[in-house]
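**Q** Please read through the structure below; I'll follow up with questions.
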Amino acid sequence: MLLIKKQLFDHNGNCYREGDTVSENRFKPAYVERILSSGHAELIGATPIVTRKESPLVGSIKPRNANKYAFTSISPKHAMAHAQPLAVKSWIDAGFKVLSFNGKDEIDELKEQYKDVEFVTCRTADGLFKRPYVPISAFIEYAKTNDIEQIMIINSDIVLKDEKGNLDKYLDWCEHGLVVANREDHDGSFQKAIRYTHGFDIFIINVKYYGLIPETLFCMGQTWWDYWLPFRFIKKGVDVVCIKEAMFYHQTHELQYNNAEWARMTKHFQWVEDYADGNPQKITTDVYKFIRHNLK
């Protein structure tokens, strides 16, 4: 039997709070090992689980951010195509393994240019939008299937400049909640960058919270997913922290969506979250204010 010591979520989105007791048989053995090692639970009234010697969660425990994964979807038709190779290189230089999720045709176009990127063939929203955008849930499904402890979901044109190593503390913290970040917009000069506060381009998600993210039509490269994720976590009682330091840079370009798509995805948000009816602008403004009010 497990005694829960810190709030956690299972892969199905069920919440377990401090003081709850639950049978360890409800979880996969690897997950039980993880929450025992992290101090989120302790085993009571039963024989302790024998862990595998090769498990990184026993013995000499590796830092939580020892294996860093950046999940994105590189576009062969991006408005600022030259920015994507710079962005990918900056993540690799920071120690991230980069995975790009795309449909097969796009991978055929991109794989020769991005030899240091692992491409993942996945389902897309082809036919729903003007391009075969990748659903956010595809990232989560892959992380679950491959037992990846935490991921950084990042838009493909965001350059990471973190000379002081500030990102590591957020990678370590993400077991306590969702980490998000605004970008610093610039016109070609990093020195003149200005923070864009009305959207989020980076999300660091720990395995404990994968179960909070269901399959939806929210896609990278389209609207609303960057509001939906922090909104959903906050509504579920999970802390959401916004990175304070300037480290993610974005060269401005024309919008890659239109008002009709934005209005349609607003309706989808209402349906997914059972949100009250209203016009798209008011809903967007109200949700934005709610997120900002609750950010840590």
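**Q** As a test of the definition: which semi-axes, in Å, follow for segment 214-296 when you take the square root of five times each eigenvalue of its alpha carbon gyration tensor? Largest first, please. Working shown, then result.
**A** Details: eigenvalues 84, 72, 29 Å².
Sorted largest first and rounded, they come to 20, 19, 12 Å.
**Q** Need one number: nm distance between label points at residue 121 and residue 43, each 7 Å from Cα along Cα→Cβ, rounded to one decimal.
**A** Label-label distance for residue 121 and residue 43, simple model: 4.1 nm.
**Q** Also, I was wondering about something else. What FRET efficiency would be calculated for the residue pair residue 281, residue 5, taking the C-beta separation as r and a Förster radius of 30 Å, to the nearest 0.05? Kindly include the intermediate steps, with their values, before the conclusion.
**A** Numbers: r = 44 Å, r/R0 = 1.47.
Computed FRET efficiency for residue 281 and residue 5 comes out at 0.10.
**Q** Give the Rg (one decimal place) followed by the Dmax (whole number) of segment 91-176, computed from C-alpha coordinates and expressed in Å.
**A** In Å, with Rg to one decimal and Dmax whole: 14.5, 43.
**Q** What's the extension gain from residue 169 to residue 292 if we count 0.36 nm per residue and subtract their Cα-Cα distance?
**A** On the way: separation 123, 0.36 × 123 = 44.28 nm, distance 2.14 nm.
42.1 nm is the gain from fully extending residue 169 to residue 292.
**Q** How fast does segment 162-217 diffuse by Stokes-Einstein, in µm²/s, taking the Kirkwood radius from C-alpha pairs at 10 °C and 1.306 mPa s?
**A** Working: Rh = 13.4 Å.
Diffusion coefficient, whole number: 118 µm²/s.
**Q** I want to check the label-to-label distance for residue 273 and residue 186. Put each point 7 Å from Cα in the C-beta direction and report it in nm to one decimal.
**A** Result: 3.2 nm between the two label points.
**Q** Right, something else. Modelled label-to-label distance, residue 145 and residue 108, 7 Å Cα→beta-carbon offset: nm?
**A** Output for this residue pair reads 2.1 nm.
**Q** Please list, or write none, the lysines whose alpha carbon is within less than 29 Å of the alpha carbon of residue 111, excluding same-chain residues fewer than 8 places away.
**A** 68, 77, 89, 97, 130, 144, 161
No lab work stands behind these numbers, since they all come straight from the coordinates. Everything quoted here is computed from the prediction, not taken from an experiment. Every residue, glycine as well, gets a Cβ built from its backbone with ideal geometry; the counts of neighbours run over all protein chains shown.
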